[in-house]
Structures are given as C-alpha cells and as structure tokens.
Amino acid sequence: MRNNRGSILITALIFMMVLSFMLMAFLDMSSTGLKQTLYMEQAKKAFYIADGGLTYTTSIIDRILSEKSIPPAGVYPSDVVIFNDGLGNDNDGDGYSLVEELLGFTNPNDNVADTPDLTIITGNDRAYIDLAKVGSVDFTGVTSGEFASGYEGIGAGAASGGMYYYIKVDSLGRTEFGSKANIYAIYRKVLGVSGGK
C-alpha cells in the first residue's frame, strides 16, 4: 500500500508557484500601464509647453519689429530668456542677432535645439523658440489687403497700404523628464497699419 502523505504539500507548492507567476505577470502589466500613462502625460505636457511658447512669442515679435531692437532687460519676466545682448551682438551661436534674423538675415543651419533665440522657463520645463523671417509682401489699400488689415478694425491708414511680414516660429517644448514636442508656425505681422497682426 502506498503512502500518500506529502502529496498535499506538493500540490500546495505547485499552486503557490502558479499564483506567484500570475502575480508577477499582473504587476508587470500594471507597471507597464503606469509607464505608458506617464509617457502620454509627459508628451501632452511637452506639446502644451511648445504651444504656450508659440503664443507668448507673438508679443515679443511685435515689440521687436515695432522698435527694431531687443527689449531691454526687465521688460519680460525673468522666465523669458532672449538670447541677445540688446546691442545687436549674437548670443545664441548662430552668427546673427535676433533683430537680424527677424529682418531676414537667416541662417540655414540654425537649429531650435542647439541655438534657440528665446527660452521660456516654466519650473523645470523649457520652451525653446527659434525665429526667422520667411518673406514679406507689400500691399496697397485697394487690394484684398483691405479685408485682412483694413477697415474692419485694425485702424486708419489702411487705404495707403502696408506690408505682410511672415516669420517662421519653431517652438520646441521639453519636459524635465525629456519628453519633447515641436510645433512649427508662420506668424503674419501686418506692418504699416496701426494695430496690424
């Protein structure tokens, strides 16, 4: 006659081993899900940082084009770094001052990650902005420019004409964890007309 003592112990050990493997698989799946959620949140955050940098930059462009110079230190909050010393000297390493870049002296090797014209700092996150003029078009007050920059509210003087001024804005948002998002936009400034954007 056989002795069945110990068979329950072996069965219990096998059952515990199967449960352990299932628990490890479950923990691995849940940690993967948490990582994916974190990566998605960081990607969204990087996009919003880049978008915010793009939006904030328009007021800086307007000021530089209207004054033909870099705003003095203290005009913008300390979280906005304009890589230019205000004297027209290059400070971002691309060979051109920001005013020169906005007036059309562009550098084909300019790179937003390596030589940004502006940096906007939000806590540990950054928005790096590169600006460059891509073109300009004159218009007279009797053309279709009237609709885009004239009598519907931009101001008097539209009948005499002005200039559409196009600037490439390359905004790179980067989070503290290294997630990045890049947004390219063309900003149109209407010059020669009061209040034109």
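Nothing in this text is a laboratory measurement; each read-out follows from the coordinates by a stated rule. Remember, predicted model here, so these are calculated numbers, not experimental data. All Cβ positions, even for glycine, are placed from backbone atoms using ideal geometry, and neighbour counts span all protein chains on display.
On full extension, the segment bounded by VAL134 and ASP51 gains 27.9 nm, given 0.36 nm per residue less the C-alpha separation. The residues THR119, THR32, when put in order of fewest to most other Cβ atoms within 10 Å, stand as THR32, THR119. Taking the fewest neighbouring Cβ atoms within 10 Å as the starting point, the ordered list for VAL81, VAL137, VAL190 is VAL137, VAL81, VAL190. Label points 7 Å out from Cα along the Cβ direction at THR58 and LEU191: separation in nm? About 1.9 nm separates the two model spin labels.
I'd like the FRET efficiency for LEU9 and MET29, computed as 1/(1 + (r/R0)^6) with the beta carbon distance as r and R0 of 41 Å, rounded to 0.05. So, using R0 = 41 Å, E works out to roughly 0.85. Extension gain for GLN36 to MET17 (0.36 nm times residue separation, less C-alpha to C-alpha distance): 4.0 nm.
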